[in-house]
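Right, one structure below, let's go through it.
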Amino acid sequence: MPDWAQIISDALDILKFDGAVQDTLAELRGKWDAQVPALLDERFDAVGVQYMNLSHEKGAAALGQELSAFGWALYNLDDEDEYLFGLIPEEQRSEWERYCKKQGQYCHLMKQQGRKWGDHAKEQDPGALMPC
């Protein structure tokens, strides 16, 4: 059984800055690429480019959605001005959510609204979003 308390204490702290989804991806890779080699997949780079001119919330949700396609669940553990990310394998989601609820821990699954678990992130046309 995983050490859930340790996962919470080791969560990745990210400030919410619009347009910083590529920085967030770099932080996710720096923390978890050894455990989650899928983070190095070029699909994540494409998501970073597609969401770079959208809000950080939309970009983070897109990263979470893309992770779901690779069998990983990205959770935000802080409902304040920053993200506190935990990454859980898909098969441990239910157990993790029960633990968080029992502990009174805020626990929000990062995925795109209207997209099913396991679907890739919604594609965006970055050219349509660029100011020039």
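The values are calculated or read from the model by the stated rules, or taken from the named source; none is laboratory data. Computed from a prediction, not measured in an experiment: that's the story for all the values here. We place every Cβ from the backbone using ideal geometry, glycine too, and count neighbours over all the protein chains shown. SASA here: full protein model, heavy atoms, side chains in, ligands and nucleic acids out. Shrake-Rupley method; radii C 1.70, N 1.55, O 1.52, S 1.80 Å.
Structure notes:
- Hits in segment 54-69 (condition: in a helix (DSSP H, G or I), open to solvent by 30 Å² or more (accessible area, probe 1.4 Å) and among the hydrophobic types (A, V, I, L, M, F, W, C)): Ala69
- Some residue of segment 72-82 being acidic (Asp, Glu), out of contact with any His (no Cβ under 6 Å at 6 or more places or on another chain) and open to solvent by less than 40 Å² (accessible area, probe 1.4 Å): yes
Residues checked against (1) within 13 Å of the chain's Cα centre (by Cα); (2) assigned to a helix (DSSP H, G or I); (3) under 27 Å from Glu97 (Cα atoms):
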site: Pro2; (1), (2), (3): no, no, yes
site: Gln6; (1), (2), (3): no, yes, yes
site: Asp13; (1), (2), (3): yes, no, yes
site: Ala26; (1), (2), (3): yes, yes, yes
site: Leu39; (1), (2), (3): yes, yes, yes
site: Phe44; (1), (2), (3): yes, yes, yes
site: Val47; (1), (2), (3): yes, yes, yes
site: Met52; (1), (2), (3): no, no, no
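- Residue within segment 54-73 that is more than 17 Å from Cys107 (Cα to Cα) and polar (S, T, N, Q) present: yes
- Hits in segment 70-83 (condition: part of a loop (DSSP other than H, G, I, E, B) and of a type outside the set (A, V, I, L, M)): Phe70, Gly71, Asp78, Asp79, Glu80, Asp81
- Which numbered condition Gly86 misses (of (1) open to solvent by less than 40 Å² (accessible area, probe 1.4 Å); (2) touching a Leu at 6+ places or on another chain (Cβ under 6 Å); (3) outside any strand (DSSP E or B)): (3)
- Residue within segment 96-107 that is open to solvent by 70 Å² or more (accessible area, probe 1.4 Å), modelled with pLDDT under 95 and of a type in the set (Asp, Glu) present: no
- Leading residue by the ranking (nearest to Ile88 (Cα to Cα)) among those in segment 14-28 that are open to solvent by 60 Å² or more (accessible area, probe 1.4 Å) and touching a residue at least 12 places away in the same chain (Cβ under 8 Å): Glu27
- Pairs where the first residue, in segment 29-43, is under 13 Å from Leu87 (Cβ atoms) and the second is open to solvent by less than 60 Å² (accessible area, probe 1.4 Å) and of a type in the set (Gly, Ala, Ser), C-beta under 8 Å, 6+ apart: Ala38/Gly71
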